[in-house]
1. Among 202, 149, 268, whose Cα lies farthest out toward the positive end of the dipole of the chain, if unit charges sit on the beta carbon of Lys, Arg (+1) and Asp, Glu (-1)?
2. Neighbour counts of other C-beta atoms within 10 Å: give me 162, 119 arranged from fewest to most.
3. For the range 124-214, run through the chymotrypsin sites (Phe, Trp or Tyr not before Pro) and keep only the ones in DSSP coil with at most 12 other Cβ atoms within 10 Å of their Cβ.
4. Which log10 I(q)/I(0) values, to two decimals, does the range 118-268 give at q = 0.14 Å⁻¹ under the Debye formula with one point per Cα?
5. For the residue pair residue 40 and residue 267, what label-to-label distance in nm results when each label sits 7 Å from Cα along the Cα-to-beta-carbon direction?
6. As a test of the formula, what do you get for the chain when each DSSP H run with n ≥ 4 contributes -39,500 (n - 2.57) and the sum is divided by the residue count, at 222 nm and rounded to the nearest 500 deg cm²/dmol?
7. If you stretched the chain out fully between residue 174 and residue 67, how much longer would it get, using 0.36 nm times the residue separation minus the C-alpha to C-alpha distance?
8. Decide, for the range 1-88, between rounded, prolate and oblate: order the square roots of the alpha carbon gyration tensor eigenvalues as a ≥ b ≥ c, take rounded if a/c falls under 1.5, and otherwise choose prolate if a/b is larger than b/c, else oblate.
Amino acid sequence: MAELTGQVALVTGASTGIGRHLVEALAARGMAVAGLARTEDRLRTAMAEVAAATGARTFAVAADVTDRASVEAAVEAVVGELGQIDLLVNNAGVIDALEVPLWEADPDQWWDVVASHIKGGFLLSRAVVPWMVLRNRGRVVNLASGMSVRARPEYSAYSVAKTGLMRMTEALAAALEGSDVRAFDVSPGVVDTAMTRSMAIWQGFEDWTPPEAVSELITAIAAGELDAWSGRLLRAGVDDLDTARAVALGEAARQLRLRPYGEQDPLG
């Protein structure tokens, strides 16, 4: 694993689950890590535990990722405490409260799910990326999902959110071409967390993706080892890191595209 000493990471949804695992993994590689979440007490406890375990500098900042003023204040606080951000990981987000078809979903909760991923990823990127561009250095990782590319009818909001986030990654990466700032999608697979345990579709499931597989990919991204994958999707637990480093990616590989119905398809 690459050493990342001297770099600064900001991870959203950092107090539990994948975010909490990732904070510790990045800190163990030498990064100063800021964690962002809504619940301040739990977040402060998590970041203090990481600092004690790794000896790294950590910083806890409570914020609502869907609130512009809250996000901008949080990013300003992180930069003031740790310095400019080299790695942004948009991990925060919620899921559909009930496993029901779209027409039975609560409209407000459905939209809150979409906003937590889409608006959250947008606001964090909007606050962080301009400074990366000015420094010509930085990496953005958006946490995607299998539902980014294959919708689940009982999780329509989450599917829409994760697909939209993946498209936003591609748009961001294209806008950054020619610079040393890049954007990636990482699908973590099914990691054993409180969120996945709460989802009926994973009841009885045991083939969990190790959280170390997620941190391995994101650490390699932070180290600049997977730059050819900018604007594309990597899948933790499936994509071998050595293969990913070496593979020659074709046009539109691992990106969202229409599948033509045949050779005569005018959109093919």
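The numbers here are math on the coordinates, done by the rules we state, and not lab data. Fair warning: this is a prediction, and the values are worked out from it, not measured in the lab. So basically every Cβ, Gly included, is an ideal-geometry build from the backbone, and we count neighbours across all protein chains shown.
1. 268
2. Fewest-to-most Cβ neighbours within 10 Å comes out as 119, 162.
3. 205
4. Debye intensities relative to I(0), on a log10 scale: -0.75.
5. Once both label points are built, they end up 4.9 nm from each other.
6. -13500 deg cm²/dmol
7. Value of the extension gain: 35.9 nm.
8. Oblate.
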